[in-house]
Amino acid sequence: FALAADGSRPLDFQSPPHKITDDIQLAPGHSADILARWGDAVLADAPEFDPQNQSAAAQAGQFGYNCDYLAYFPLPRGSDNSGHGLLHVNHEYTSPELMFPGWTRVDAGQQAEKGKEADAIEAASVDAQTPEQSAIEMMAHNGSIIEVVKENGRWKMVPESSYARRITLDTEMRIAGPAAGHERMKTGYDPTGEKVFGTINNCAGGKTPWGTVLMAEENFHGYFGGGDPDNAPEARNYKRYGVKANARYPWWKSVDRFNLAKEPNEPNRYGWVVEYDPYDPQSVPVKHTALGRFKHEGATSFVNKDGRVVFYSGDDERFDYLYRYVSAGKFDPAHGLENRSLLDDGTLYVARFDEEGLTWLPLVFGQGPLTAENDFQSQADVLIETRRAADLLGATPMDRPEDVEPNPVNGRVYVMLTNNSRRKPEQVDAVNPRGPNRHGHVLELIPPGGEGAEADHTAERYQWEILLMAGNPAEADSGARYGEGSDTWFSSPDNCAFDPAGRLWISTDQGSSQAKNDIPDGMYACELEGPRRGDVKFFFACPRGAEMCGPEFTPDGTTLFVAVQHPAESGDMSSTFETPSTRWPDFAEGMPPRPSVVAITRDDGGPIGG
Ligand code: FEO
Ligand code: CA
Ligand code: CA
Ligand code: CA
């Protein structure tokens, strides 16, 4: 690759058209291989996908819905092979209106026209769902592990791989850390409080230095319903996390553990970070409670120079917080998977920003307000109600922290603040300077100690800077700000990745604003150093209705894996199985759109971005 005179490495591709279409669009000179689509066989005994007659049994062996976080693990374990490996895929949620023939939200269009709230539409619509459809949704959540290989320059999934695995709501998991075994973690089917089946709403994630995957549990609240949550013993806890009687998913009507009247503690067993070993299909996933319970977007790691391991995680909700976990013990590469105990003994911190910097506030039982006076009897209570503990410490309410990721090259931490339409002008502060913030911004955290590996990610104080303000600079009073050489704009930064040169790659999720903004969701590359700092370039477009998730480079940077999530989804539910707004990627009559994982390579075989 070519270095510029100032030593930086400029992006060398041309952008595709910046407009919404039915298909993906790539920078010229690149190719895309579709690796796995919803319904493709993952396990050897999975039947062929038949969208007209889908069943839970079939779905349990097939690629799940709404692919999100991607993590590439070279084969063999410990190598840096960039042409053969395992790909872990999160399946965040399901879109029943696009999955099931005849599934229509009851009068959804009419209700939307009448201006009813989304909650009312959801409550009316869920009655239309059958128990089998709920069971299919349960099997379409969680994760897939697939083996992928590059042959003659093209990527493909290896069929009938011995590594292949589906993780679903039936997968047994262990609960570890300070909240494991606590009274509030016990249920009718698990009197130990240490065992749970499956994970929920796995959005982004992370990798550990010892080579395992972390799956973050994000919007878990929408899966528990019924009962009278406003008057239950856990009412305050439910309220802070948005658990309510009329859940988005009607699973509670057919499966007792999602019914709040029958299993009031079940929601306490979600909202954590889950770890498993992708190289061992028999490995039992573990929920590590020491990292706190909130709507984790992801959990990304950095080995500090003193050997302690640091994990960053955002709580993706308007006005929620940014967190950091620091292990008590030190990482030892000779000890392999035994290092996972580092995730069970450490300190969780929440961020409080001021004009000069940020302070990490420890969430430790017995310290400050985290005492019996505020109904905390143990560290388990602090972790189960992480949000309330952070409220009491005076953490800074942020504009929806999505991916938070340390850059191994420069040692700084990048925070995608996706948007916050509800921040009022009188609520702005130095670090969230726009109200309303319809397009989000990217924050750079600067630990003391030096660049790269020298940065001290255990320090109490960091500095910070706003890297860019998203939005369209051509719009009056947009407040948008990029590098001076930028030739594009974007909205709602969500996930991110770094190429081997340390440049930032941002994926976007505009949600129902996509049509209004009139630009596609996709991948945008951003320079971080030198005179081009903050310059943004458009690289890849999702099809209509989709958001972009999961960017992940191979170790050599020649392949970029991305997840195209919910193609054809529409904010008003007008796009359905029968009449989707796009049929990507198959474009076949009768075949619905399918969330899919894509591998992008350069036709000259060079590193993505140059
Ligand atoms: Fe699932 Fe925060 O996006
Ligand atoms: Ca997502
Ligand atoms: Ca996300
Ligand atoms: Ca998102």
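The values are calculated or read from the model by the stated rules, or taken from the named source; none is laboratory data. Computed from a prediction, not measured in an experiment: that's the story for all the values here. When we count neighbours, we look across all protein chains shown, and the Cβ atoms used for this are built from the backbone with ideal geometry, even at glycine.
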Scanning the range 505-545 residue by residue, those within 12 Å of ligand 4 (Cβ to nearest atom) and under 30 Å from ASN152 (Cβ atoms) turn out to be SER507
Taking the range 183-232 and the residues there that are within 27 Å of the chain's Cα centre (by Cα) and of a type in the set (Phe, Trp, Tyr), the one that is nearest to ligand 2 (Cβ to nearest atom) would be PHE220
Of the residues in the range 236-292, those that are assigned to a loop (DSSP other than H, G, I, E, B), closer than 30 Å to GLU97 by Cα, touching a strand residue (DSSP E or B) at 6+ places or on another chain (Cβ under 9 Å) and not aromatic (Phe, Trp, Tyr) come to VAL243, LYS244, ALA245, ASN246, ALA247, ARG248, LEU260, GLY271
Over the range 191-225, the set of residues of a type outside the set (Val, Ile, Thr), under 26 Å from ASP375 (Cα atoms), surrounded by fewer than 24 Cβ atoms within 10 Å (Cβ to Cβ) and more than 16 Å from ligand 4 (Cβ to nearest atom) is PRO191, GLY193, GLU194, LYS195
Considering the range 487-500, residues that are in a loop (DSSP other than H, G, I, E, B) and at pLDDT 95 or above, and then whichever is nearest to ligand 3 (Cβ to nearest atom), we arrive at SER492
When every residue in the range 27-39 that is surrounded by fewer than 21 Cβ atoms within 10 Å (Cβ to Cβ) and either among the β-branched types (Val, Ile, Thr) or touching a residue at least 40 places away in the same chain (Cβ under 8 Å) (or both) is compared, the one farthest from THR576 (Cα to Cα) is GLY29
Residues of the range 483-509 being farther than 30 Å from ASP80 by Cβ and buried (at least 24 other Cβ atoms within 10 Å of the Cβ), in sequence order, are PHE490, SER492, ASP509
Reported set for the range 551-578 where residues are in a strand (DSSP E or B) and not aromatic (Phe, Trp, Tyr) is PRO551, GLU552, THR559, LEU560, VAL562, ALA563, VAL564, GLN565
In the set GLY78, GLY85, the lone residue that is crowded, with 23+ Cβ neighbours inside 10 Å, in contact (Cβ under 8 Å) with a residue 12 or more places away in the chain and over 30 Å from GLY222 (Cβ atoms) is GLY85
Practice problem: State whether the residues of the range 431-450 include one that is part of a helix (DSSP H, G or I) and at pLDDT 95 or above. | Solution: no
So, first residue under 24 Å from ASP494 (Cβ atoms) and among the β-branched types (Val, Ile, Thr) in the range 282-306, second residue within 16 Å of ligand 2 (Cβ to nearest atom) and in a loop (DSSP other than H, G, I, E, B), Cβ within less than 9 Å, six or more apart or across chains; the pairs are none
Scanning the range 501-515 residue by residue, those within 15 Å of ligand 1 (Cβ to nearest atom) and assigned to a loop (DSSP other than H, G, I, E, B) turn out to be ASP509, GLN510
Restricting attention to the range 505-520, the residues that are away from ligand 3 (no atom under 16 Å from the Cβ) and either free of Cβ contacts under 8 Å to residues at least 12 places away in the same chain or within 21 Å of GLY609 (Cβ to Cβ) (or both) number exactly 3
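For the range 352-370, give me each residue that is surrounded by 14 or more Cβ atoms within 10 Å (Cβ to Cβ) and not basic (Lys, Arg). Step through it out loud before you land on a result.
Step one: of the range 352-370, the residues surrounded by 14 or more Cβ atoms within 10 Å (Cβ to Cβ) are 352-353, 357-365, 368, 370.
Within the range 352-370, PHE353, GLY357, LEU358, THR359, TRP360, LEU361, PRO362, LEU363, VAL364, PHE365, GLY368, LEU370 meet the criteria.
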Restricting the range 521-550 to residues that are of a type in the set (D, E, K, R), buried (at least 24 other Cβ atoms within 10 Å of the Cβ) and not in a strand (DSSP E or B), the one farthest from ligand 3 (Cβ to nearest atom) turns out to be GLU527
Note on the range 19-65: residues of a type outside the set (A, V, I, L, M) and assigned to a helix (DSSP H, G or I) are PRO51, GLN52, ASN53, GLN59
Taking the criterion of being within 16 Å of ligand 2 (Cβ to nearest atom), touching a Gly at 6+ places or on another chain (Cβ under 7 Å) and among the small types (Gly, Ala, Ser), would at least one residue in the range 261-273 satisfy it? no
Q.
With the structure loaded, tell me whether ASP391 is within 24 Å of LYS186 (Cα to Cα) and out of contact with any Leu (no Cβ under 6 Å at 6 or more places or on another chain) or whether it fails that test.
A. no
A careful count of residues in the range 443-466 that are without any contact (Cβ under 8 Å) to a residue 40 or more places away in the chain, closer than 15 Å to PRO408 by Cα and exposed (fewer than 14 other Cβ atoms within 10 Å of the Cβ) gives 1
